[in-house]
Amino acid sequence: MTEVPEIPEMPDRFAPDAPRERQTIRLSEERLASFREWAENGTARTAAARVRDSEGRTALVQNRWSRGWILPGGAVEPGERPVAAAQREVREETGLEATIENVVVVVDQSYENEAGEAAFSAEYVVYAARAEGEIPSTEQLGVSADEITAARWFETLPERLHDGDLLERYL
């Protein structure tokens, strides 16, 4: 396996005192190309939130590209703080107004092509968050059909949790 070089645009690691995990993501050249602009000229950072309510339930979403339920989250836009991105993504994907708290974990991601050759690196930051209320249907959220396909509260984590082996202990 090829070692992935650090991205020069991210000399300071985000939340250096937070727990860190490593993840290698192997994608087709076509999928890699769809992320390249974000990784090389954007922030190369994704923010998500582990949103819980007063009953201890966790809000999760499904989309067309993941295998199972995932945390609400998405790309951090240029000039946007990761905490603001996490809050925006929760609102867009669940309709909830979340209070973002501390960093739960940061995942250092290495993107590779199908042959295992390094393409670029990124960071995926997961925050703890609190929110209350009902999650509307995806039709009411107004999200595009190619993005979120379902959103709901869970009393216990579902079996089909995307990246569950990596994130489950933080959820």
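Observations, loosely collected:
- DSSP beta bridge pairing in the chain, given as percent antiparallel to the nearest 5: 60 percent
- Pair-distance distribution P(r) for the chain, from all Cα-Cα distances in 5 Å bins starting at 0: 1, 8, 17, 21, 22, 16, 9, 4, 1, 0 percent.
- Cβ-defined net charge surrounding Arg81, 11 Å radius [Lys, Arg +1; Asp, Glu -1]: 0
- Rounded tilt (10° steps) of 82-94 against the dominant C-alpha axis of the chain: 50 degrees
- As a calculated quantity, the FRET efficiency between Glu134 and Glu29 at R0 = 45 Å, using C-beta atoms, amounts to about 0.60.
- Once the Cα atoms are used to define both axes, helix 29-41 deviates from the longest principal axis of the chain by about 90 degrees.
- Structure-based [θ]222 nm, the chain - -39500 (n - 2.57) summed over DSSP H runs of at least 4, per residue, nearest 500: -5500 deg cm²/dmol
- Computed with every protein chain present, the accessible area of Ser137 is close to 50 Å² [probe 1.4 Å].
- When the Cα gyration tensor is reduced to axis lengths a ≥ b ≥ c, the ratio a/c is 1.5 or higher for region 69-150, and with a/b not above b/c it is classed as oblate.
- Inter-site label distance for Ala118 and Ser54 at 7 Å from Cα along Cβ, in nm: 5.0 nm
- Residues of region 50-171: accessible area per residue with a 1.4 Å probe, Å²: 48 Å²
- Surface composition of region 110-171: carbon plus sulfur atoms hold 41% of the accessible area, using a 1.4 angstrom probe and ignoring ligands, DNA and RNA.
The values are calculated or read from the model by the stated rules, or taken from the named source; none is laboratory data. For clarity, every value in this text was computed on a predicted model and none was experimentally measured. Cβ sites come from the backbone with ideal geometry, for glycine too, and all protein chains shown count toward neighbours. The area values use the complete protein model at the heavy-atom level, side chains included, leaving out ligands, DNA and RNA. Shrake-Rupley method; radii C 1.70, N 1.55, O 1.52, S 1.80 Å.
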